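Please read the structure below before turning to the comments.
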Amino acid sequence: MGSRHRVPFTSTRGFPPGSDDAPLINICKCINLIYIRIEAVSAEIQSTTRSDWIFDPGAFVWRVPEQRFRWADPAPYPPPHAERGDDPEASQRHLIPVGEWSRVRWRETLPLEEEPALFREFADLLPALDLVQAKAEEAILDFANRHGAIVPEDQWRPFIAVGENPSYGLNRADWSEKITPIATAVALWDAVLAADIDALKTWFLLDGDAFLFNAEHRENWPLHALFSRFGWEAVDVKLESLRGLPESDRYLRVASGLARQIAHRSLEDENVRPHLEEGPERDRLLMRLLPETLVGAMWIQFLEWVQGARSFMRCKQCARWFSISVDTKRADAAYCSAACRFRAYRWRQARAWELHSSGKVATEIARELGSDARTVRGWIRAAKGSVKRRSENGRRRRSPTSRKLG
């Protein structure tokens, strides 16, 4: 609650001593004290993000093999002492830890504290699933080596690689099954935030009270596959309640509902459960969401995003997703770190000199680099000075040799 709502009675000015308005003065003082207290409490609440109440990223510890992962081909015939069971997935290539399973060393990480936007990086794996097998496996391998597998080891499949002892791992289908829901929900919510109705129409169409998947666009296949797996009764869009609304509002409401249903079902699948614990001052109970899997933890990150507790951007320098405060207005919010901001600044300086050397004037360079002509002229002067100094230093280094040869 901002200070503009405070009752403007902070003194007895305007009320003569001994006037009949003394009771009114006391009432106004009391009201003012109440509003001051409300503002203090409001500021305290705003200083604590909603995510602090729901989920503590530092409390989620995840195990990653020190030896990293690799893709392995299955043995055509398992040795007699090993049992593959009736799992048809065992005949596919699996992502398994490097080395003997019994000798795998594990390290503990805090993936969500280190990567607040990990769910967005995970969602970005979806396009890779549509590539050739080698490219898809490379993208999954890179994610796994940095952040670990998507589920704990007790949920991995028994696997026997060619010429090796039994191990455990996950195949490409296991990863696809977890990537598709979160990537679909992220894409839907991105479109909702941008009010991009054209993008939503590539996923589904609304015809009166009918909900239709758009068969003309291949972009809708994750949504179609998702609800095929969940069951079509999960498509509960309640179009009759949206009659009379503008078309854009109807599409946004439906997309929001679909994203919510995907999140609810996925949280159930990942067994994310609530847990009550004592608050910092031990004067109240706080509800925490406890994930059992890395995927479940990333779904909690998604919930923080849709609730408005966090906002995310892609770094303009390294393309990495990073979390920013919803109140951030700084110009450097476009970069994930001071190092990336500095590298971007140096790149713009170097690029300004290149464009100047090619014959462009400062105003043209400023327009291309998103800067102003005065700043660009300063970069060019600095670059000229640097070139001049390098040239003079080169002449000084050559001078003694030249005299000696003479």
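None of the figures in this text is laboratory data; all of them are computed from the coordinates on show. Quick caveat, the model's predicted, so the values are computed rather than measured. Neighbour counts run over all protein chains shown; Cβ positions are idealised from the backbone, glycine included.
For region 93-201, the convex hull drawn through the C-alpha positions has a volume of 113 cubic angstrom per residue.
Per-residue Cβ neighbour counts within 10 Å put Leu200, Leu206 in the sequence Leu206, Leu200, beginning with the fewest.
Would you mind pulling out the separation of the Cα centroids of region 274-307 and region 55-70, in Å? About 18 Å separates the Cα centre of region 274-307 from the one of region 55-70.
The order of Ser91, Ser266, Ser102, Ser371, going from fewest to most other C-beta atoms within 10 Å of their C-beta, is Ser102, Ser91, Ser371, Ser266. Counted by neighbouring Cβ atoms within 10 Å, the residues Cys336, Cys315 run from fewest to most as Cys315, Cys336.
Share of pairwise Cα-Cα distances greater than 13 Å in region 338-388 is 53 percent (whole percent).
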